[in-house]
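Encoded as structure tokens, the structure appears first; notes follow it.
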Amino acid sequence: MSALPIVPKALTAYRPFWAKRFGPAPFLPMTRAEMEQLGWDSCDIIIVTGDAYVDHASFGMAVIGRTLEAQGFRVGIIAQPDWQSADAFKALGKPNLFFGVAAGNMDSMINRYTADRKIRSDDAYTPGGQGGKRPDRATLVYTQRCQEAFKDVPVVIGGIEASLRRIAHYDYWQDKVRRSVLVDSKADLLVYGNAERAIIEIAHRLARREPIETLTDVRGTAFMRRDGDPTADGWFELDSTEVDRPGRIDELISPYQIIEENTTCASNDEPDAPKPIKIHKTGRIAMPPRERTVVRLPAYETVKSDPVLYAHANRVLHLETNPGNARALVQRHGERDLWINPPPIPLTTAEMDHVFDLPYARSPHPSYADEAGSHDGATKIPAWEMIRFSVNIMRGCFGGCTFCSITEHEGRIIQSRSEDSVIREIEEMRDKVKGFTGIVSDLGGPTANMYRIGCKSPEIEAACRKPSCVYPGICPNLNTSHDPLIKMYRRARALPGVKKILIGSGLRYDLAVQSPEYVKELVTHHVGGYLKIAPEHTEGGPLSKMMKPGIGTYDRFKQMFEAASAAAGKKQYLIPYFIAAHPGTSDEDMMNLAIWLKKNGFRADQVQTFYPSPMATATAMYHSGKNPLKGISRDPDRGETVDIVRGERRRRLHKAFLRYHDANNWPLLREALKAMGRADLIGNGKHHLIPSYQPITDGSYESARRKNSTAVKPAVKPTVRTPMQPAAPRRGQIQTQHTGLPPRVTGSARTPAGRPGKPAKR
């Protein structure tokens, strides 16, 4: 397999649009009055978003808006519009080039519903955390309203929702396979992944008056094609429907096809003739150029009713995600083809610096301010508060966790900023952001410690088709040096006015153990009492479906963490996070995890249940019962069948094992343990998982996010505890996943374990 070096046009190499003369806006305008203050008579591009407008590089609408502004385009923002009519979409007038539509920083369905399909009452991307400010499937609704407002204006959809729904995908909320969001929305073009390259090219070409239907060669985009489209001429098509061997598509071409010595495409005179290929005299098949090859996936009408072919299509899709060797994909939807061009070329360090050095206000739009002109009161935007004093240092993740959508969206090639750019942002935050106390809440990204880590060889990286660089073990071609990150940490914390730099992003501990110096640096200077990591499980079955390392790696990191904490004279704690009900998890797996939790003294306050997000590999497992990480086959003796946790009762049981300490779960756990032949875990000793006594409970539990908890019923007077029943554990005796800290010394007198006739408070 050969991979040609691809040198894209730099983001800063375009000739600016004429409106560059207006200069940057303090905030991108949200009203006609703001446009008039800027001297604009119209917007060139209008971005419609489901999030409140925060002018910060962690918010998609700001990144795309400021990137386009730097190219000289006038960009307006319509944030969280009233979608009941088209009126709100006319607020800024008719855009000269196109509407850009995004649901927001989250998929609108995941934002609105819990993993149990219950409606959330809050929204972190809305002032005051108010829920219900965006519609379900916001990309579809917003696109329809844009088209109603100005029917002749092109609509380009993007963001995480469009990116993860760019192909026929399983929809957890309807429990069926839906068409591509491009088909359902009837938008003109879909942009997936990090969109800077694609959106800049689209904007400049539309500004040159190129019709949007001719933009079929932009990487990182998807579009619809009808039969007979002349722009499809010269493409070599491969069929992927050999379901038992979908991963080696190159080998599926028959050598008995018509052979023409010097041609690579079928004759236009015989459109139905088999497409010829070239064969060397040795008999080896010479593949056509990858950049002119398209892989045909099973049609939407096929995969919606055939889970095996759905799993196959998902497997092929993930094999074609490396920008260095990915081929275009095509999937039939009705009478038209959905074409998905190869992924965008990752940004260089200079281009990352350009994007992050743009003149962001680092604040929510003034229209969200309260009476005092502040964003800290009733109109506070929780997501803004979370990243207010944090700095994003990189993009991408090569972990390949099957339940995660980062790789599908941002890619697995790490795109890092320069150290100077990060330092400049910290200084700007220190000097300009209201409320900065000297504490930087995070220097991170999708993963805290992947900064400047990548393949040792560009040639190997361009040709690689592995879904993960760290599973089942760390690839020998991966450079695991943490030296650039250590150097940045040291320089950042030496800045005047910076008191402490914390690391809040998730840590890849299997990488961290490769650098003892990094662990020492992290633990000594950048942990605020506890550090969150995510082993996700303890058992090999589910871990193999997640593509996560074994719990032994966690134990090794824990030893290093505790040794470094002791050397620094600090008491610090690891907070492990786990997933319940992931595909491939048996009831026994969850029981063993619960035993591990109790043995290690953890009580999980926040329980993460597997959430089948669109396009993720684990979601394909959930829908099909097959493992796309291995060969797909209808033959039960080939491939791998995955145990799927379905149904409310079984999903609740798996959550109950994670919350083994909640008395509401004890009846369900007792029943399950007896059925599993493990009644020996029921009793009142320290070695038992759950007690044999049962107080009267209300059948609900309150999570750390109280608004999303099952409603707590009025309190019921508990039963009388007999002398043989031990008192319930007192609050603070066992460290929890939410805080991870040991009992606090308050100086108050010890309270009795429980008054006669009444259990102690939990």
- Task: Please work out the FRET efficiency for the pair GLU335 and LYS151, using the Cβ-Cβ distance as r and a Förster radius of 25 Å; give the result to the nearest 0.05.
- Result: 0.65
- Query: If packing is taken as the mean number of other Cβ atoms within 10 Å per residue, what is the order of 658-664, 6-12, highest first?
  - Reply: 658-664, 6-12
- Segment SER42-ARG430, length gained on full extension (0.36 nm per residue, minus Cα span): 136.1 nm
- Note on the structure: On the accessible surface of segment 559-615, probed at 1.4 Å with all protein chains in place, carbon and sulfur together account for a percent value of 49 percent
- With all protein chains present, segment 17-100 has a carbon and sulfur share of its accessible area (1.4 Å probe) in percent of 52 percent
- Using only the Cα atoms of segment 1-157, build the gyration tensor, take square roots of its eigenvalues as a ≥ b ≥ c, and label the shape rounded, prolate or oblate: rounded if a/c is under 1.5, else prolate if a/b is larger than b/c, else oblate. oblate
- Give LYS133/LYS548; LYS94/LYS186; LYS487/LYS570; LYS118/LYS500; LYS499/LYS598 a once-over and call out the pairs whose C-alpha atoms are over 28 Å from each other. LYS133/LYS548; LYS118/LYS500; LYS499/LYS598
- Report in % the part of the accessible area of segment 411-451 that belongs to carbon and sulfur, leaving out ligands and nucleic acids; probe 1.4 Å. 48 percent
- Query: What's the extension gain from THR12 to THR231 if we count 0.36 nm per residue and subtract their Cα-Cα distance?
  - Reply: 76.0 nm
- Where labels lie 7 Å past Cα in the beta-carbon direction, separation of ARG556 and HIS688 in nm: 3.9 nm
- Any idea how far apart ALA86 and ARG634 come out in nm if each label point goes 7 Å out from Cα toward Cβ? 4.7 nm
- Message: What distance in nm separates the two pseudo spin-label positions at SER367 and GLU291, each 7 Å out from Cα along the beta-carbon direction?
- Response: 4.3 nm
- Note on the structure: Within segment 101-122, the residues whose backbone N lies under 18 Å from a label point placed 7 Å from the Cα of GLU385 along the Cα-to-Cβ direction are 121-122
- How many Å² of accessible area per residue for segment 133-204, probe 1.4 Å? 28 Å²
- Accessible area (Å², per residue) of segment 421-460, counting only protein heavy atoms and a probe of 1.4 Å: 43 Å²
- Expected sort for 686-693, 442-449 on mean C-beta neighbours within 10 Å, highest first, is 442-449, 686-693
- What accessible area per residue, rounded to a whole number of Å², is obtained for segment 527-568 using a probe radius of 1.4 Å? 36 Å²
- Note on the structure: Residue span ILE460 to ASP680: 0.36 nm per residue of separation minus Cα-Cα distance leaves a gain in nm of 73.9 nm
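The values are calculated or read from the model by the stated rules, or taken from the named source; none is laboratory data. As the structure is a prediction and not an experimental result, all values here were calculated from the model. A quick note on method: Cβ atoms are made from the backbone with ideal geometry, for glycine too, and the neighbour counts reach across all protein chains shown. Note: areas computed on protein heavy atoms with side chains; ligands, DNA, RNA excluded. Shrake-Rupley method; radii C 1.70, N 1.55, O 1.52, S 1.80 Å.
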